[in-house]
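What follows is one structure encoded as C-alpha cells, with my remarks underneath.
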Amino acid sequence: MVLAGFLSALALLVGQSVWVGPIAAQQAGTGQASGFLFEKSVGRADGTSVRLGELAAGQPLTVLLFLGADCPLSQKAITESVGDLAKADSGSGVGLVGLLVARDDAQDIQRLRDEFKASIPLLLDRNNTIAGLLGVTVVPTAVLVDRQGKVLYHGRINDRVEQLGKRSVVRRHDMREAISDAVKGTPVRVPKTPAVGCPVETRVSKPDSTGKVEYHRDIQPILYRHCAVCHQDKGVAPFSLANYQDATLWVEMAIDLIDRRVMPPGQAESDFPVSDAPSVPSPEELRLLRQWLAAGMPKGPVPANPPALPPTDPESAGLGNPDMILKPEGPMTLAPSGDDMYRYMVYKLNLDRELKVRAMRFVPGNQKVVHHTLIWFADSATQDRITADKSMNAFGLLPGDSGPGYGQSAMLGKYHKVGGDRSRLPFEQIGGYAPGHSVWKTPEGCALSIPGKTDLVVQMHYHRSGKVEIDFSSIELYLHKGQVNSAEDFRTTNINDGKFLLMPPNQRRRTNTSWPVEDDCRIVGIAPHGHLLTMSQTLTLERPDGSRKVLLNMPRFDFNWQRMYTFREPVALAKGSKVHVSSVMDNTSDNPANPFKPPKAVFMGENTTDEMIFPFIALTIPKKSTWDLQQGFLSGYRTGVLANILKREFGLDAPSDQSIPAAIPGDRRP
Ligand code: HEC
C-alpha cells in the first residue's frame, strides 16, 4: 500500500483537487494507517478551527459521520447513529463526530442542533478536505477510525436504503456491527459497504455566466413543469427545487433519478388517457439538464415575466367546502428513527344512515412523515373491539411512539367475521392517498356509498424523519347533493387470485391472474397493489373479440408510491371481457427492497413482509346487476386467514426459516 500512501500524501500537497476516493476506500480494513488524517483541521460554528486528532484524542475509536444538513437521508443519520453507537459501544467510549460537507455553514450546525436535537459535536469539513481524503462521495457516510486514524469501517449506517428511491426494512446495522467487532478487538467482518444518499458537492457552479443552456431560460421551466408541484416550500417533498440555488444543489441526483424513472414518482403507462398521471421529463429535457450541469450551471438573465409556481394541490381545485371533517381520536407521535411504521387509524363515523360521497380528500397532518395511506370503511362495532384491545394498540410501536389506532395484522381473521351476506362486506377499500394525490373523486353523477354503522379506517404508512414528529391527519368528505345516476352504481373492488402465493426464496418470476368481467361496467380508476417483492404490475384488458389494451402498467412498481390512477373518461368494459393482472416478483437478494436477507419463503398476507397481488378497482356497474363484486376480496381474505394460521402453526414467519413446505399449493408458473 505504498502507492496509496504516496497518492494520499500527494493529495494533501495539492489540496482537494486530487481525487483520492478509490485509493482511500482501499484503506478500510487493510490496516493502512493514515496518521496525517488527524493533522487536518475542521471548522467550528464560531469560525475557529480544530485539529481532527484533537477531537479523536482520548478515545479508542471514533466514528466520523459525514452529513449534509439539507439531505433528508442525512438528517435521519444523526439519531440513528447515536442509537446504534450506544448499542455497540458497551461502555468503551467510542466517539462520534458529525462533519458537515462543504455546502453547509454555521447556520446549518445551529439548525441541526435546534431542530434535530443533535447532541454530537458538529463541525464543518470546509472544501470537503476530509471527505476527499477518505473517499466519501455521498452523505450520510460513516467512517470508523482507530486511535491512529486507521480506517476500520467505511460506508452506510444500515441497509434500509440500498438504492436511492427504494426503501425496505433494516436487515443489517452495518455500522453498529463494525463498531461491535472493533470494540471486541476482532477484525471488522464487513469493513466496506456502499453508502447511499446525497452527493457530496465536488463541482463548481458559475452562477454569473451565460451559456447555451441557462437556468432561467431552459432549466427552471423543466423543474417547474415536472417537479415543483411537490418540490417547493409548501409542497410534499422534503426539499424545494424552485430556485437557482436549489437546482444547483440537487441537479446531479435529479438527473440520476429521472434517468432511472424514480422521479417524478409513480410513473405509469396506459392505452387510455389517465387524468392524474405524473408529468415526466422528455429525453430532450433530460439532455438539457445534463448539458447545464456540464457547463457549470450558468444562471443567465431573469426573464421579464418569470413563470409562477404551480399549485401544490391541483386536484382539490373546485371541490368547494367539505361537508364533514374526520379526525382520529388523537395525534400520533413518532420516534425519530427506526423502520417505517404501518398503522391503522380509526376515523369514527358510526352513523345510522348511509353516506353518499362525491369526493374524499385525505389531508396529511405532517407531510414529512405521512408517506402514503390506504382507506377503508369498516364495521364500527368491530373497530371498537379492536381498539379496546391494548395489545393491538401496542402492536408495532417502537419506544417513543404513541397514539391511537392499532398495529398491522388485524384486518384478516382475528376480529373480522365475514358472514354469508356478500353484498355487504364488513370492510372495503375505498381509496387512498400518496404525496401529491390527496383527492379521490367519483365520476359525474355517481356517488361512493359508505354504509351506516361503519367507520373509516386508514392504513398509514409513516416514514421517520430523524426527529420526534407528530401527525394528526384528517379526512374531508364532500357529499353528493344532486341527483345520483339512477342507472349505475359506483363500486370498489379488488382483484385477487385467491392463491396462497408462495414465493420461494431466490426466485424471480411472473405471476398471472385474470378477472372475468361479468357485466357491462366502466372502470373509473385503478390502484395497483403489491408489497416489497413486487417489481412491476400490469393490468391488461382482453375484449370479448380477443383484442387487448393496457389499462395500466407500472413498469417500476414501488411499495412506497402506491396511489390511485383515474381515467380521464371511465373505460367501458363489455360483459365477457377479462382483466389480466400480471406481476413480476423478485425474491432474490438482487431486489434492494427484499425484506429478508437471505431471502425466505413469502406467503400471501397483509404484513408488509408478506406479499399479495391485489389491485384495487373503482368502477360503475348497472344498478340491476347481480355481479358479486366481492369475490376477489373474499378469496383474498380467506387465503390471508389461512396463510396466517399456517404461518403460526408451522412457524413459517420465523425470520430464520428457509423451508418451503411441499404440501402447500403455490403458484408454480414460471
Ligand atoms: C408527486 C410529488 C413529487 C414530484 C412530482 C416529484 N417529486 Fe421528487 N420527491 C418527492 C418526495 C415526497 C420525495 C422524498 C422521498 C420519499 O418520500 O420517498 C422526493 C425526493 C426526491 C429526491 C431525493 C431522493 C430521495 O430518495 O430522497 C430527488 C433528487 C427528487 N425528488 C427529484 C425530483 C425531480 C427532479 C422531480 C421532477 C422531475 C421530482 N422529484 C418530482 C415528491 C415528488
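Only residues that are within 16 Å of the ligand (Cβ to nearest atom) and assigned to a loop (DSSP other than H, G, I, E, B) were counted across region 338-381, and they come to 8.
Taken over region 171-187, the criterion of being part of a loop (DSSP other than H, G, I, E, B) and either of a type in the set (S, T, N, Q) or farther than 17 Å from residue 65 by Cβ (or both) is satisfied by 171, 172, 185, 186, 187. Among the residues making up region 604-649, those that are within 30 Å of the chain's Cα centre (by Cα), surrounded by fewer than 21 Cβ atoms within 10 Å (Cβ to Cβ) and charged (D, E, K, R) are 638, 647, 648. Counting only residues that are assigned to a strand (DSSP E or B) and within 16 Å of the ligand (Cβ to nearest atom), region 51-84 holds 1 of them. Kindly provide the set of residues from region 190-216 that are of a type in the set (Lys, Arg) and surrounded by 17 or more Cβ atoms within 10 Å (Cβ to Cβ), ordered by number. Within region 190-216, just 192 meets the criteria. In this structure, is residue 146 crowded, with 19+ Cβ neighbours inside 10 Å and either of a type in the set (D, E, K, R) or farther than 18 Å from residue 197 by Cβ (or both)? So residue 146 does not fit the description; no.
The selection criterion, being more than 16 Å from the ligand (Cβ to nearest atom), at pLDDT 90 or above and crowded, with 22+ Cβ neighbours inside 10 Å, holds for residue 533. The condition of being assigned to a loop (DSSP other than H, G, I, E, B) and surrounded by fewer than 17 Cβ atoms within 10 Å (Cβ to Cβ) holds for only one of 499, 481, that being 481.
On the basis of being touching a Lys or Arg at 6+ places or on another chain (Cβ under 9 Å) and in a strand (DSSP E or B), does residue 584 make the cut? So residue 584 fits the description; yes.
Being of a type outside the set (S, T, N, Q), touching a helix residue (DSSP H, G or I) at 6+ places or on another chain (Cβ under 6 Å), at negative phi and more than 6 Å from the ligand (Cβ to nearest atom) holds for only one residue in 224, 244, and it is 244. Is region 301-318 home to any residue that is open to solvent by 50 Å² or more (accessible area, probe 1.4 Å), without any contact (Cβ under 8 Å) to a residue 40 or more places away in the chain and in the same structural domain as residue 441 (by TED's automatic domain parsing)? For region 301-318, residues open to solvent by 50 Å² or more (accessible area, probe 1.4 Å), without any contact (Cβ under 8 Å) to a residue 40 or more places away in the chain and in the same structural domain as residue 441 (by TED's automatic domain parsing): present.
Consider residue 543 carefully, then state whether it is charged (D, E, K, R) and within 26 Å of residue 620 (Cβ to Cβ). Considered against the rule, which asks whether it is charged (D, E, K, R) and within 26 Å of residue 620 (Cβ to Cβ), residue 543 comes out as yes.
The values are calculated or read from the model by the stated rules, or taken from the named source; none is laboratory data. Since this is a predicted model, take the numbers as computed values, not measurements. Because the Cβ atoms are built from the backbone with ideal geometry, glycine has one as well, and the counts that use them run over all protein chains shown. Ligands, DNA and RNA are excluded from the accessible area calculation, which covers all protein heavy atoms including side chains. Shrake-Rupley method; radii C 1.70, N 1.55, O 1.52, S 1.80 Å.
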